[in-house]
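Encoded as structure tokens, the structure appears first; notes follow it.
The values are calculated or read from the model by the stated rules, or taken from the named source; none is laboratory data. Just so we're clear, the structure is a prediction, and the values are computed from it rather than from any experiment. Cβ coordinates were reconstructed from backbone atoms using ideal geometry, including for glycine residues, and neighbour counts include every protein chain displayed.
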Amino acid sequence: MTNTNNASESENLSRIRDILFGEDLQSIEQKLDATKEESSDIVKNLKAELEIRIKKFEQLQNDKFEEISKDRAKTDDDWKKAIKELKNEVSKIENIVNNSVAQFDVKLTNLEEKLISSIDKLKEENQTMHSKLFETKLDKTALADMLAELSEKLRK
């Protein structure tokens, strides 16, 4: 019996609504249905727009990643090139230093030869003077003059 009472109450409520609201209730329901459809369409459009934007963002992210990768590869190439140029410059400097050392060595050898030659000449002159002194047995003044002359030659 409660089911029949509930059913009759529902019918009564429906009738009361129809009487009170009549066509307004139907138009409200139609507006709600239209709003529901519009909302559904808007949500679908928003989802589609969001998917498009996410794809654009992902593409932009991939493009930037590729650009960074290319820049990094380019930077690596620049480093390799800079290191190669630096090695070339170091090699040039080594050649210049080696040439300078070789030239200095030649000059030093020439100087050594000149010094040895000068020392040999002085030894000969000293020997010659010694021989003269021994042969002639000069006095102390003549010996002092000869030594002074020898010292003058050594200074030159």
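Brief remarks on what is shown
- Residue in segment 40-57 that is more than 25 Å from Leu154 (Cα to Cα), surrounded by 10 or more Cβ atoms within 10 Å (Cβ to Cβ) and polar (S, T, N, Q) present: yes
- Among the candidates Leu108, Leu122, residue that is within 30 Å of Ser151 (Cα to Cα) and in contact (Cβ under 8 Å) with a residue 12 or more places away in the chain: Leu122
Table: residues versus (1) over 25 Å from the mean Cα position of the chain (by Cα); (2) among the acidic types (Asp, Glu).
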position	(1), (2)
Lys64	no, no
Asp76	no, yes
Glu85	no, yes
Asn88	no, no
Ala102	yes, no
Leu115	yes, no
His130	yes, no
Met146	yes, no
Arg155	yes, no
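- Residue check, Glu9 surrounded by fewer than 10 Cβ atoms within 10 Å (Cβ to Cβ), more than 30 Å from Leu154 (Cβ to Cβ) and modelled with pLDDT under 90: no
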